[in-house]
Structures are given as C-alpha cells and as structure tokens.
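The values are calculated or read from the model by the stated rules, or taken from the named source; none is laboratory data. Keep in mind it's a predicted model, so treat the numbers as computed, not measured. Positions of Cβ are backbone-derived with ideal geometry, glycine not excepted, and every protein chain shown enters the neighbour counts.
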Amino acid sequence: MSAFSHAILYTLLLGASVITGLFSYEGRTSLNTQGLEALEIVEAYAESSPLEEVEIAVEREEYRTDEIAVELILENGEKMKMGLEEYVAGVLLAEMPSWYSEEALKAAAVAVRTYTVYKLEASGHICTRPSHCQAFYTFEDACNLWGEKSAREVYEKMLSATKSTEGEILLYDGAPILAVYHASSYLYTRPSSEVFGGDRAYLVSVSVPFEDEGATRVQEKRISKQALQSALEASGEVEAVWDESRCVGLRVGDKTFASSDIRSLFGLSSASFEVSADGEDYVFKTYGYGHGVGLSQSGAGILAERGWSYFEILFHYYKNTKLAILKNNE
Ligand SMILES: [Zn+2]
C-alpha cells in the first residue's frame with residue numbers, strides 16, 4: 001500500500017470510528033457492539049498494513065524550545081535534577097505495566113514527554129504526586145520494590161521505549177498538548193470539559209477497545225445512604241445517569257450531579273458507575289480506573305496487541321494532533 005492511499009484509508013477509518021459515536025442508541029449493549037465494529041474495521045486494516053509502510057505516512061515537524069532540564073519535586077520536598085529522557089523513562093517505570101508490548105510503551109513515552117513539556121512550559125512545576133503530576137521511580141526505587149534482576153529487565157524495556165521515541169511530542173495548533181492519561185476506561189473516554197473544565201479539541205470522547213470485566217477493573221464501593229444524602233444535601237431516589245456513550249451523572253431526587261464530581265467526592269475508582277440500594281447503603285459498581293480523559297493505558301495495551309503502531313494509538317486518543325521532534329534553540 002502506498003503512503004498516500006494509506007493516509008486516505010486511515011482518515012476514512014478514523015472517520016468511521018467518529019461516526020459510530022454520533023449514532024443514537026437504544027441501550028448500552030448495542031452501543032458496545034457498534035463501538036466494537038468500528039475498532040474491528042481498524043483492526044482489519046492494521047493487520048493488512050505492515051508497520052514499515054505506516055511509518056512513511058507520518059510526518060514529524062520540529063518544535064523549537066530551550067533545552068529542557070527537569071527539576072523534580074519529591075514527596076519530601078527535596079529537588080532532583082535530570083534530563084528529560086531520563087525523567088520519561090522513570091515515569092514509565094512507575095506508571096506503566098511492564099508486560100505491555102513495545103508500541104503501547106512507546107505511545108505512553110510520547111504522552112509522558114508531551115505532558116511534561118506542557119507542564120514545564122505552563123508552570124515550571126513537576127512533582128512525583130500521581131494525583132497532581134506523574135509518579136516517578138528511580139532505578140533504585142524499582143530495585144527496592146521488585147529486586148534488582150526484575151527491576152533491570154523492566155527498566156531496560158522502559159528505556160528502550162523512551163529511546164525509540166526520543167524527543168517526540170504531540171502538538172495541537174503548533175503547541176504541546178495537555179497529554180493526560182489514565183489507567184482504564186469503559187466504552188468511551190471523557191472529554192476534558194467534563195473533568196478539568198474547558199474544551200480542548202484534542203481531548204474529546206473516543207471509543208476504547210472492548211475489554212472484558214476483568215480488564216475493565218470493575219469495583220464496588222459502599223456508601224451509606226446517610227453519608228451520601230448529607231454530602232450532597234439531597235434525598236430521594238438515587239440513580240446513575242447515562243447518555244448514549246457514558247455515565248454522566250448521579251440523580252438524587254430532583255437534583256443531578258456530574259459523575260466526575262461524584263467520583264472525586266466519594267473517592268470512586270471511576271466516574272463510570274451503576275448504583276443500587278442495599279439496606280442502609282448505596283452500592284456503586286464502577287467500570288474503569290482514573291479520570292477517563294486522554295490515553296487509556298489499558299486501551300493502548302490492547303490496541304498494541306492488535307497490531308496498532310504507537311502513533312496510531314496516540315492519534316486515536318488525542319484527536320487532531322501531530323507528532324513533532326523537540327529541537328533546541330541555537
Ligand atoms: Zn505536581
């Protein structure tokens with residue numbers, strides 16, 4: 001397949017997966033199937049197109065900036081200086097499952113590097129708190145956790161994914177993107193407006209590969225009726241609100257709360273949930289793990305297993321973006 005026809009086909013297939021998101025569905029079961037169909041089309045394409053041919057279709061622009069040095073703020077308040085690439089490998093070590101295949105780790109490396117450049121340009125701040133910035137392990141941290149032999153194997157995988165994407169970041173409209181990522185989503189990712197406020201054209205809701213319940217990380221959390229009613233200052237019938245593609249809220253009597261706010265307030269694993277009453281409690285059954293915006297680490301792992309290249313994975317989760325290479329200002 002030529003690079004040109006590849007680019008056309010790729011555009012058509014991306015179009016196909018977007019269109020399925022716009023159909024109206026009667027229920028989530030049919031939605032699930034539709035989302036899967038779109039992915040199967042792309043999957044069939046990926047099998048027919050060797051990676052070498054795909055590489056040709058992706059251009060990498062240059063992104064010029066002053067040399068980036070990371071001054072990482074540790075939990076104890078101390079600072080640690082290192083180069084950008086060393087930092088990216090350390091974040092992968094802390095954030096990514098080591099058994100994921102190379103293309104998923106490369107996609108994560110580009111996301112981590114992009115997020116870091118965005119943060120440093122926006123605020124100059126980067127720390128090791130996962131809830132605020134990104135988790136980070138040094139090689140010594142990994143040795144203490146897993147033993148030196150395992151740590152060395154895992155670190156080499158992460159270094160390799162970092163090295164093979166060295167300096168690569170994602171741009172939207174000529175600037176590095178807020179490349180947020182999360183552990184696992186259910187059916188669809190979330191637009192940034194739902195979680196962080198503000199629309200971003202590259203952080204929209206996209207379909208995720210279907211995962212069985214185990215991989216989706218289904219969890220249950222009980223919250224007493226009294227605690228829920230007093231926290232929300234509302235009472236009455238409680239039910240989860242789903243639109244065609246995802247859980248968007250919790251209705252309590254005549255009030256409705258955004259599902260992402262409910263996740264934060266009650267420490268739920270995910271903002272995708274069903275809720276049922278059981279005695280004096282409500283039982284929240286959650287699907288997925290994390291805020292649900294941007295790249296799904298678990299989804300990237302599945303797509304990589306299906307033969308997707310790292311930039312196909314990136315362009316799926318971060319719409320309308322371009323790959324670029326960091327170049328130092330002279
Ligand atoms: Zn931070």
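Looking at segment 102-125 only, could you name the residues that are near the ligand (Cβ under 9 Å from one of its atoms) and either at pLDDT below 95 or in contact with a Gly (Cβ under 6 Å, 6 or more places away or on another chain) (or both)?
Of all residues in segment 102-125, those near the ligand (Cβ under 9 Å from one of its atoms) come to 119, 123, 125.
The answer is 123, 125.
For the subset of segment 128-158 comprising residues that are among the polar types (S, T, N, Q) and more than 16 Å from the ligand (Cβ to nearest atom), which member is nearest to the chain's Cα centre (by Cα)? Even if it seems obvious, please write down each step before you answer.
Start the filter on segment 128-158 by keeping residues that are among the polar types (S, T, N, Q), which leaves 128, 131, 134, 138, 144, 150.
From what is left, the residues that are more than 16 Å from the ligand (Cβ to nearest atom) are 138, 144, 150.
On the way: 138: 23, 144: 28, 150: 26 Å.
Top of the filtered list is 138.
Using beta carbons and a limit of 6 Å, which pairs, at least six apart or on different chains, have the first residue in segment 115-139 and assigned by TED's automatic domain parsing to the domain that holds residue 89 and the second one more than 8 Å from the ligand (Cβ to nearest atom) and among the aromatic types (Phe, Trp, Tyr)?
That search, which allows pairs on different chains as well, returns 128/136; 139/155.
Kindly provide the set of residues from segment 312-330 that are under 17 Å from residue 108 (Cα atoms) and part of a loop (DSSP other than H, G, I, E, B), ordered by number.
318, 319, 321
If you scan segment 69-128, which residues turn out to be closer than 18 Å to residue 312 by Cα and among the hydrophobic types (A, V, I, L, M, F, W, C)?
104, 105, 107, 108, 109, 110, 111, 112
If a residue has to be farther than 14 Å from residue 108 by Cα and surrounded by 21 or more Cβ atoms within 10 Å (Cβ to Cβ) to count, how many in segment 155-170 make the cut?
Taking segment 155-170 as the starting set, the residues that turn out to be farther than 14 Å from residue 108 by Cα are 155-156.
The next check asks that each one be surrounded by 21 or more Cβ atoms within 10 Å (Cβ to Cβ); those that pass are 155.
Adding up the residues that qualify gives 1.
Go through segment 184-213 and give me each residue that's buried (at least 19 other Cβ atoms within 10 Å of the Cβ) and of a type in the set (Gly, Ala, Ser).
184, 185, 192, 205, 207
Would you be able to tell me the number of residues in segment 312-330 that are among the small types (Gly, Ala, Ser) and without any contact (Cβ under 8 Å) to a residue 40 or more places away in the chain?
0
Mind counting the residues in segment 273-289 that are under 15 Å from the mean Cα position of the chain (by Cα) and either surrounded by fewer than 24 Cβ atoms within 10 Å (Cβ to Cβ) or modelled with pLDDT of 95 or more (or both)? Before you say what the answer is, go through the steps one by one.
First, pick out the residues of segment 273-289 that are under 15 Å from the mean Cα position of the chain (by Cα): 287-289.
Then drop every residue that is not either surrounded by fewer than 24 Cβ atoms within 10 Å (Cβ to Cβ) or modelled with pLDDT of 95 or more (or both), which leaves 287, 289.
Adding up the residues that qualify gives 2.
Can you pull out every residue in segment 89-101 that is within 16 Å of the ligand (Cβ to nearest atom) and either of a type in the set (Val, Ile, Thr) or surrounded by fewer than 24 Cβ atoms within 10 Å (Cβ to Cβ) (or both)?
Initial filter on segment 89-101 (within 16 Å of the ligand (Cβ to nearest atom)): 90-91, 94-95.
The answer is 91, 94, 95.
Is it true that residue 172 is within 16 Å of the ligand (Cβ to nearest atom), outside the structural domain of residue 217 (by TED's automatic domain parsing) and within 19 Å of residue 320 (Cβ to Cβ)? Reasoning before the result, please.
Numbers: within 16 Å of the ligand (Cβ to nearest atom): no; outside the structural domain of residue 217 (by TED's automatic domain parsing): yes; within 19 Å of residue 320 (Cβ to Cβ): yes.
Here the answer is no, as residue 172 does not meet what is asked.
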